[in-house]
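Peer 1: Shown below is the structure under consideration.
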Amino acid sequence: MRILTEAVPAMRSVSFGIWVGVGSRDEEPGLGGASHFLEHLLFKGTRKRSALDISAAIEAVGGETNAYTAKEYTCFYARVLDADLELAIDVMCDAVADSVLAEADVETERGVILEEIAMHADEPGDEVHDLHAEVLYGDGPLGRLISGTAETITPMTRAQIHDFYRQRYTPPVIVVAAAGNLDHSTVVTLVKKAFAGTPLGDAPDAAPEPTRSALAAVRTLPPATLLRADDTEQAHLVLGGPALHRHDERRFALGVLNNVLGGGMSSRLFQQIREVRGLAYSVYSYTSQYAETGSFAVYAGCAPAKAQEVLDLVRAGLAEVAANGITAEELRRGKGMLKGSLVLGLEDTGSRMSRLGKGELLYGDLMDVDELLARIDGVTLDDADAIAAQVLTVPMSLAVVGPFDDGDLS
């Protein structure tokens, strides 16, 4: 198990996180949503604490706890005053390592998760991104919902979740990260103490790291359109295709390009679609990066009658950049946006802790901030234009939520 810390003596808080390299892509089809289900259950009680004990212990000192599940990892974290770090470590390690997964709690959380799935389906601006993942990756591990579906959550048993928990949550895929007013050796001692006597503390040091099964292999589907017809006031559109995986050295150039295209109010798509023509309130581009693949996409929300015009403008804007590249001024601005968001995003202990956990878990490496800034500064016009010519010319898939019939949009 790896433990990383960053001392920030000027802070009076500490953020402590446990990062597990297991997410929704690690689930077999019949266990869709098991990681997210487990995320809920680990706060429901251990051999030492009830669910109320867990929440009350942290809230009694003014702290906060939370967790979230992604496609390739799950994170559990707490933020407390520096004087309460020992309490936070003990509570969080206990919850993650020694949950009892009581049958009654499984049934209670099943209902909660089914409500969460239903709530998500009522948010078309969120759902359209899930549809785009589905149209890109199909029913493969990256195309399925992180939450699972009613069809997978309803029959899932306590035994299935428990087996997934104990088989997948092992020391080699766990990273502990903390940032704030702390001492590294003290954190190491407290973590060892908190895990002692739990299944994670008793695991062999050389336990083999679980490998992603063949079921987790990624296959990108041919371009297509996926429509969910709904009587919404707005049409929600996501157009995009495959791009770079997270280890590709060109990801910095793609980050700059993304800012130029749709990363802010000065971006090309925002200016052309919202500011000049007033066709949409929200329009932006984004990238998603995984272990061996990734995507680039553009989202727009607009009146249904304007959807085709917006799509045509997005495609024209991407084609223009693919063919002719970006300007030197756009490159400067795109690099500045990327550097600024990186540095300003590290203004609190939570974001610093996340940088440690993600860097070690996903990259196996932790670039310091100056090195990251240098990599961004090193992006040239040729780099940005080359990545534009590659990423923006691939056939793209379209996901739509709105009041349409098949064939209404192209």
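Just so it is clear, none of the values below were taken in a lab; they were calculated from the coordinates. Predicted model only: the values in this text are computed from it and were never measured. For neighbour counting, all protein chains shown are included, and Cβ atoms are generated from backbone atoms with ideal geometry for every residue, glycine included.
Peer 1: Which is farthest toward the positive dipole end of the chain among MET119, VAL321, VAL106, measuring Cα position about the Cα centre, with Cβ charges +1 (Lys, Arg) and -1 (Asp, Glu)?
Peer 2: VAL321
Peer 1: Only four residue types carry charge here, +1 at the Cβ of Lys and Arg and -1 at the Cβ of Asp and Glu. Report the dipole size of segment 98-204 about the Cα centre in Debye, rounded to the nearest 20.
Peer 2: Details: 7 positive and 18 negative charges, 162 e Å.
Computed about the Cα centre, the dipole is about 780 debye.
Peer 1: Let me check I've understood the local charge: for ALA243, count other residues with C-beta under 15 angstrom from its C-beta, Lys and Arg +1, Asp and Glu -1. What total comes out?
Peer 2: Taking every other residue near ALA243 into account, the sum is -1.
Peer 1: For segment 293-389, state which GluC sites (Glu not before Pro) are in a DSSP loop and have at most 14 other beta carbons lying within 10 Å of their beta carbon.
Peer 2: On the way: sites: GLU309, GLU320, GLU329, GLU330, GLU347, GLU360, GLU371; in loops: GLU347.
Sites meeting the loop and neighbour criteria: GLU347.
Peer 1: Sticking with this one: Counting only other residues whose beta carbon sits under 11 Å from that of THR65, what net charge do I get with K and R as +1, D and E as -1?
Peer 2: Every neighbour counted, the sum reads -1.
Peer 1: Stretch GLN271-ARG47 to full length: gain in nm at 0.36 nm per residue minus the Cα-Cα span?
Peer 2: 75.0 nm
Peer 1: Report the charge-dipole magnitude of segment 171-322 in Debye, nearest 20, computed about the Cα centre from +1 at each Lys and Arg Cβ and -1 at each Asp and Glu Cβ.
Peer 2: 140 debye
Peer 1: Using Cα atoms only, what is the angle between the long axis of helix 124-137 and the major principal axis of the chain, expressed in degrees (0 to 90) to the nearest 10?
Peer 2: Approximately 90 degrees, to the nearest ten.
Peer 1: Of GLY340, ALA399, LEU366, whose Cα points farthest to the positive end of the dipole of the chain (charges on the beta-carbon: +1 Lys, Arg; -1 Asp, Glu; origin at the Cα centre)?
Peer 2: Farthest towards the positive end: LEU366.
Peer 1: Okay, next question. Between ASP230 and ASP348, what is 0.36 nm times their sequence separation minus the Cα-Cα distance? Round to one decimal in nm. Working shown, then result.
Peer 2: Values: separation 118, 0.36 × 118 = 42.48 nm, distance 4.03 nm.
Extending this stretch completely gives an extra 38.5 nm.
Peer 1: Give me the tail of P(r) for the chain as a percent: Cα-Cα pairs with distance above 26 Å.
Peer 2: Of the Cα pairs, 59 percent sit more than 26 Å apart.
Peer 1: Still on this structure, please answer the following. Using the Cα centre as the reference, give the magnitude of the dipole from point charges on the C-beta atoms of the chain (Lys, Arg: +1; Asp, Glu: -1; all else neutral), rounded to the nearest 20 debye. Don't skip to the answer; put the middle values down first.
Peer 2: On the way: 35 positive and 60 negative charges, 148 e Å.
Dipole about the Cα centre, nearest 20: 720 debye.
Peer 1: I would also like to ask the following. Can you give the helix-only mean residue ellipticity at 222 nm for the chain, where every DSSP H stretch with n ≥ 4 adds -39500 (n - 2.57) and the sum goes over all residues, rounded to the nearest 500 deg cm²/dmol?
Peer 2: -12500 deg cm²/dmol
Peer 1: Now, a different point. Reported to two decimal places, what Rg/Rh ratio describes segment 2-195 when computed on Cα atoms with Rh from the Kirkwood expression?
Peer 2: Rg/Rh for segment 2-195 comes to 0.99.
Peer 1: Placing one identical point scatterer on every Cα of segment 227-272 and ignoring solvent, what is log10 I(q)/I(0) from the Debye formula at q = 0.23, 0.24 Å⁻¹?
Peer 2: With no solvent term, the Cα-only Debye profile gives -0.90, -0.92.
Peer 1: List the pair-distance distribution P(r) of segment 258-375, using every Cα-Cα distance, as the percent of pairs falling in each 10 Å bin from 0 up to the bin containing the longest distance, rounded to whole percents.
Peer 2: 12, 34, 32, 19, 3
Peer 1: Another question about this same structure. With the Cα gyration tensor of segment 42-97 giving a ≥ b ≥ c as the square roots of its eigenvalues, does the rule (a/c under 1.5 for rounded; else a/b larger than b/c for prolate; else oblate) give rounded, prolate or oblate? It would help to have the intermediate numbers written out before the result.
Peer 2: Values: a/c = 1.93, a/b = 1.28, b/c = 1.50.
Oblate, since a/c reaches 1.5 and b/c is not below a/b.
Peer 1: Could you work out how far helix 349-358 tilts from the main Cα principal axis of the chain, as a 0 to 90 degree angle to the nearest 10?
Peer 2: In the chain, helix 349-358 runs at an angle near 80 degrees to the longest axis.
Peer 1: Determine the gain in length on full extension of the stretch VAL100-ALA60; use 0.36 nm per residue of separation and subtract their C-alpha separation, reporting nm with one decimal.
Peer 2: 12.1 nm
Peer 1: Sticking with this one: Could you give the angle, 0 to 90 degrees to the nearest 10, between helix 158-168's Cα long axis and the longest principal axis of the Cα atoms of the chain?
Peer 2: With rounding to tens, the tilt is 90 degrees.
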